[in-house]
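The values are calculated or read from the model by the stated rules, or taken from the named source; none is laboratory data. Bear in mind that the values here come from a model prediction, so they are computed numbers and not experimental data. Positions of Cβ are backbone-derived with ideal geometry, glycine not excepted, and every protein chain shown enters the neighbour counts.
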Amino acid sequence: MPHAARMEEFIKIVCEQIRFKRARAGVARELMDHMCDQKQAYCWQGLEDTEAEKKAVEQMGDPVAVGMQMDLTHRPKPQWGLFVLTAALLLVGIGLQWALFGQGDPSGQLSVTLIAAAVGVLGMAGAYFADYTVLARAPLVIYWIFLAVSFVHFACLPIINGAGQRGTLLFLLFPAVFAGVAFHFRQKGYGGLLASYGLMALGVLACMRAFSVRLGVLILIACLLLLTLMVGNGQFRVKKRWALPLLYLPVAGGCAVFAWGYWGRLMTAFSSEEGLGYLTTVTRQLISGAVLIGPGTTADSLARLPELDTSYVLTFLIVKFGWIPFFLVVGLFAAFFGYAVFRCLRQTGLLARMTSTAILSTLLIETLFYLAANLGFLELSTLPLPLLSYGGTGLVLHMVLIGFLLSVFRCGSMEGPAPYVSQESGRVQVADGVLSIRFKGFKGPLK
């Protein structure tokens, strides 16, 4: 029988028993590595190559039985807890929109919410069954297509005050797209880090210029967090003491330039009579009259806040229904993010961990921004609250993001463990499972 034909035939029979096709490649690679190691051990014992291969395959046992066992252990893992929490938050959001718009719904906004929820469920299902590893197979193609679609969308939208008014939230998908880009450039040293940083900056600046500064800040924080974790884990094979300043000094400089140009407007955040500080002051005044449960003393003044259904849903909840319902909703969000972070940390595959980190950080930062605005700490309310605030496109995009996150958790364990990469260059390094030792002054092969 030809060289390695027995092992290949064994692996083929095993993989035919595994119903989840995306798990077959990992199983085949694992079995081949194991049999090659065993074959090498037999060769060291003095057996011929053909006989060593035969014994290595026989030692594995019956391929059908092995395949059936592999089928039991390599199955998708639905995250029912996150499904339930997502459904609960979606129902709370629909309930709040019903309370805001009333039973009659003369403007049809509640109908829009229900239609968006139905479309979002379909989008979530599609993302749930999608293969997240496509982000690693064609990262740059996906990146440029995303930017092209965003700008075509922007060009077709009405422009008000220099920004597109619809389609803004499309950039919520950018951190997930960027995770594939960063994965592509990992282990390529400072060149890979700078390439990733440049593509991140291009996307952030495009979002700020064409759509929303606040959304640009959100995706900047999410992408920077991802790059920071990769540098810290040694994925770029660079020195942290040089790489981290390289990441943050340009951002600090950009923030300084922005603050210099908009200093006067930024100062209105501390004013109670005009600009950014006005809405913050009104929000604090309204929630000061809230009670534990039931309408507060300031419930009749909620009309002072614009766009309650989109920008101040939680303020409405506090003033209209009390602090206890508010804390219950916050508890749902805390349970959702806590469980999601727990699942993210348990991912063994590098791409799975990076993708889930990108999506989770986007949703979490967005929620924290919204919470800060609705409690009167800072005016950031133009960003929506996932699953709760009104907006057809926003609701659909958030559900697609959550579906993609669930897809990662469903199949991430089959990606295989991420290779360990040494964080500092030196004489002894471990990378991709290979131990390398550099001897000072040694240039030739070891004999």
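Some notes on this structure:
- Hey, Arg346 at pLDDT 85 or above, among the charged types (D, E, K, R) and surrounded by fewer than 22 Cβ atoms within 10 Å (Cβ to Cβ) or not: yes
- Of all the criteria given as (1) surrounded by 24 or more Cβ atoms within 10 Å (Cβ to Cβ); (2) of a type in the set (Gly, Ala, Ser); (3) more than 28 Å from Lys77 (Cα to Cα), the one not satisfied by Ser356 is (3).
- Subset of the stretch 388-412 [in contact with a Ser or Thr (Cβ under 7 Å, 6 or more places away or on another chain), part of a loop (DSSP other than H, G, I, E, B) and either crowded, with 24+ Cβ neighbours inside 10 Å or basic (Lys, Arg) (or both)]: Ser389, Tyr390
- Filter result for Leu387 (touching a residue at least 60 places away in the same chain (Cβ under 8 Å), closer than 18 Å to Leu332 by Cβ and out of contact with any Pro (no Cβ under 8 Å at 6 or more places or on another chain)): yes
- Here Val121 does not fit the description of being surrounded by fewer than 20 Cβ atoms within 10 Å (Cβ to Cβ) and at pLDDT below 90.
- Once the stretch 196-237 is narrowed to residues that are in a loop (DSSP other than H, G, I, E, B) and of a type outside the set (Lys, Arg), the residue that is surrounded by the fewest Cβ atoms within 10 Å (Cβ to Cβ) is Asn233.
- Matching residues, the stretch 294-331, being under 29 Å from the mean Cα position of the chain (by Cα) and among the acidic types (Asp, Glu): Glu307, Asp309
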